[in-house]
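Single-structure report; data block below.
The values are calculated or read from the model by the stated rules, or taken from the named source; none is laboratory data. All values derive from a computational prediction rather than experimental measurement. Please note: Cβ atoms are built from the backbone with ideal geometry, for glycine as well, and neighbour counts cover all protein chains shown.
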Amino acid sequence: MVKYIKTRTALRHGALAWGMTLSLGLVLSGCASIGAPEQTQSLSPRIELQTQADGTKSWRSAQPQRYRAVRIDPATIAFGDSVDLSEEQRGELREALMAALSQRFTAAGWQLHSMGEARETLSIKASITEVQLANTAANFLTTLLLIGPLSHGGVTVELQALDSVSQEPVAALAITGRAGMEDIGSAYTATGHARLQADGVAQRFVQLLAQAVPPHVAAR
């Protein structure tokens, strides 16, 4: 009898420990993250990106403050060769990034120019080089099981700001954003998490251009 009780107690403790380990693993694996790709695909080799404290990679010329306006053209938001998406999904992501950039630049006091070349204007180019789609079927299932969505999407974007007249680069950013367990509302469409990350991408790019001095270098 004593041996039976000890066995049941051991099993109960083992199950509890396993459950706590699983829960901790889900929490850790479900945290939103930001970083950068190991290698860029669309940026000029002349641009020497440097890894920043937040994990992103960026470069910026010494004096971007002389620019007061930006031009953002949907045609300059491209996709990398390895990105496998439908035309509808591409349109969703392009629209999300376009809207996020426009909103973030406007909120920071920049003027938006729709077309043409103008002095003191930056032309923004972006390449979406990687997309992680959320597994919507799995997320619906785990939600029904009261676990919550566990499949998280994300996006990698390489951005450039160019002088609209000379086409010389002024700033560049390579950034990867991945959603976490807290981003529940966007987990039930394939591109929901990737579209959600577009705002963080735009925010980081505008911050880069707004810095009074070149960004701090954490590591190469």
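Summed over the stretch 54-97, the residues that are among the β-branched types (Val, Ile, Thr) and either closer than 18 Å to Gly192 by Cβ or under 17 Å from the mean Cα position of the chain (by Cα) (or both) give a count of 3.
Considering each residue of the stretch 82-123, count those that are assigned to a loop (DSSP other than H, G, I, E, B), of a type in the set (D, E, K, R) and closer than 19 Å to Gly153 by Cα, and give that number.
Going through the stretch 82-123 one residue at a time, the tally reaches 1.
Within the stretch 66-121, the residues that satisfy the criterion of being of a type in the set (Ser, Thr, Tyr) and touching a residue at least 24 places away in the same chain (Cβ under 8 Å) are Tyr67, Thr76, Ser82, Ser102, Ser114, Thr121. Please indicate, with yes or no, whether at least one residue in the stretch 131-141 is part of a strand (DSSP E or B), in the same structural domain as Thr56 (by TED's automatic domain parsing) and either more than 15 Å from the chain's Cα centre (by Cα) or in contact (Cβ under 8 Å) with a residue 12 or more places away in the chain (or both). Checking the stretch 131-141: at least one residue is part of a strand (DSSP E or B), in the same structural domain as Thr56 (by TED's automatic domain parsing) and either more than 15 Å from the chain's Cα centre (by Cα) or in contact (Cβ under 8 Å) with a residue 12 or more places away in the chain (or both). In the stretch 150-203, the qualifying residues are those that are closer than 19 Å to Pro74 by Cβ, of a type in the set (Val, Ile, Thr) and not in a strand (DSSP E or B), and the one that is modelled with the highest pLDDT is Val201.
Residues checked against (1) surrounded by 14 or more Cβ atoms within 10 Å (Cβ to Cβ); (2) out of contact with any Ser or Thr (no Cβ under 9 Å at 6 or more places or on another chain); (3) of a type in the set (A, V, I, L, M, F, W, C); (4) farther than 17 Å from Val70 by Cα:
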position	(1), (2), (3), (4)
Gln89	yes, no, no, yes
Ala96	yes, no, yes, yes
Arg104	yes, yes, no, no
Arg119	no, no, no, no
Ser123	yes, no, no, no
Gln132	yes, no, no, yes
Leu146	no, yes, yes, yes
Ser166	no, yes, no, no
